[in-house]
Amino acid sequence: MWSVIGHAPALAALERALESEAPAHAWLFAGPEGTGKRTVALEFAAALNCQSQPKPCGECRACRDTLAGRHPDVEVVEPGGICDEPDHREHPGSRDLRICQIRRLEHVLSLSPYAGGRRVAIVDAADTLHVEAANAFLKTLEEPPADTVIVLLVEREERLPETVLSRCQRLAFRPLDRETVIEALTARGADAERAQAIAAAASGRIGWALRALEDGTLLAERETMLDDAVRVAHASRADRFGWARGAENRAQEVRERYLREIAVWESWWRDVLMAGSGQVEGLLNRDRAPLLAEEGKLYTAQAIIKFLQALLETREYLQANVDPQLALENLTLDLPQPRQAEARA
């Protein structure tokens, strides 16, 4: 049985594929981080080699080995993983999938299944494939070895070439409704107040919500980042650059923290845009609805949309080998100006 919370349409499609005994050889699981794509992919991999019913049973050896990450025929590829190049077998700190990792995966898939079932490849963060790596993988997607199933996990599918997208069966993983998240949290021991607070912050990302239940620092960090989103928007240029100065230490953990902050800011400015047009349903940060209503009056929709695009570009810069402080300083220059300031300008 699936342990996944929500995503009934996606699970139903996978169950139909399992019943057909001839599932599509390439799948694309698309949706925001923390919505459960990887969990579903692992359970689908378990189900493809499951020796019992209903699939995945979670109890047979194939299921146990897959879910524990030790099944010989289930390969998970992700940024920072290994390749077969003797001079750089590992890629610590890498945020992209490299062509050498894809070449290694192709070699692994060319081998016969060790346990006699199906070989399954889960490619996490497939939207970080560079063009040359995606093109190198294309032939495998077109003509995979027999008894092979490939699952690509993506947040931003538009970053993949159409030639890759067109060869995959797509399943959407959307954020869950708040009530479902609250129910899952209370079932795991959260009191009503904490469940409400985490669900409000999770924006439907059940994976993030469950992690926040275990790690209280995630919720506190989110509150600080939302405070920064408002404070920096109203700050002087010097103070804005002061916020970006925290990235002068180029350590990977600093870059990771600012990437999380960019994601929080994206949710905040999306909500400011909605609140400014009078939309209250669908706000991701509902716990700050009164402040969002006030902020929404200050900016034009055009200015907010432009800044949301700047946030996306900055995220890509931070994921690449770009000076993070410079990227963040440039971002602050693109912050929307209040309507009165624009009129004076």
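List of remarks:
- Taking only the C-alpha atoms of the chain, Rg followed by Dmax gives 22.0, 72 Å.
- Each label was represented as a point 7 Å from its Cα along the Cα-to-Cβ direction; for residue 112 and residue 227 these points are 6.3 nm apart.
- Here the accessible area of the chain is 49 percent carbon and sulfur, with a 1.4 angstrom probe and all protein chains present.
- Using 0.36 nm per residue and subtracting the Cα-Cα separation, the extra length available between residue 277 and residue 253 on full extension is 5.0 nm.
- Label-to-label distance, residue 214 versus residue 85, with points set 7 angstrom from Cα along the beta-carbon direction: 3.3 nm.
- Above 16 Å, the calculated P(r) of the stretch 145-216 contains 57 percent of its Cα-Cα pairs.
- Once you reduce the stretch 151-215 and the stretch 252-310 to the center of their Cα atoms, the two points are 19 Å from each other.
- Here residue 146 and residue 177 are evaluated by their C-beta separation; at R0 = 35 Å the FRET efficiency comes out at 0.30.
- For the chain, the relative contact order comes to 16 percent (Cα pairs under 8 Å, sequence separation of at least 6).
- Residues of type aspartates and glutamates that residue 139 reaches as a straight line, Cα spacing below 12 Å, ignoring anything fewer than 8 places off in the same chain: 106
- Relative to the current alpha-carbon distance between residue 319 and residue 70, full extension at 0.36 nm per residue lengthens the span by 86.7 nm.
- Rounded to the nearest 0.05, the FRET efficiency derived from the C-beta distance between residue 330 and residue 61 at R0 = 51 Å is 0.45.
- At R0 = 45 Å, FRET efficiency that the Cβ-Cβ distance of residue 78 and residue 339 yields, to 0.05: 0.50
- Compared with the rule-of-thumb size 2.2 N^0.38 Å for a compact globular protein, the stretch 216-336 has a Cα radius of gyration ratio of 1.03.
- For the chain, the per residue solvent-accessible surface stands at 49 Å², with DNA, RNA and ligands left out and a 1.4 Å probe.
- Full extension of the segment from residue 103 to residue 3, taken as 0.36 nm per residue of separation minus the current Cα-Cα distance, would add 32.7 nm.
- To the nearest ten degrees, helix 301-319 and the longest principal axis of the Cα atoms of the chain are 50 degrees apart.
The values are calculated or read from the model by the stated rules, or taken from the named source; none is laboratory data. Everything numeric here is computed off the predicted structure, so don't read it as measured data. Using ideal geometry, Cβ is built from the backbone for each residue, glycine included, and neighbour counts are taken over all protein chains shown. The accessibility values were calculated without ligands, DNA or RNA, using every heavy atom of the protein model including side chains. Shrake-Rupley method; radii C 1.70, N 1.55, O 1.52, S 1.80 Å.
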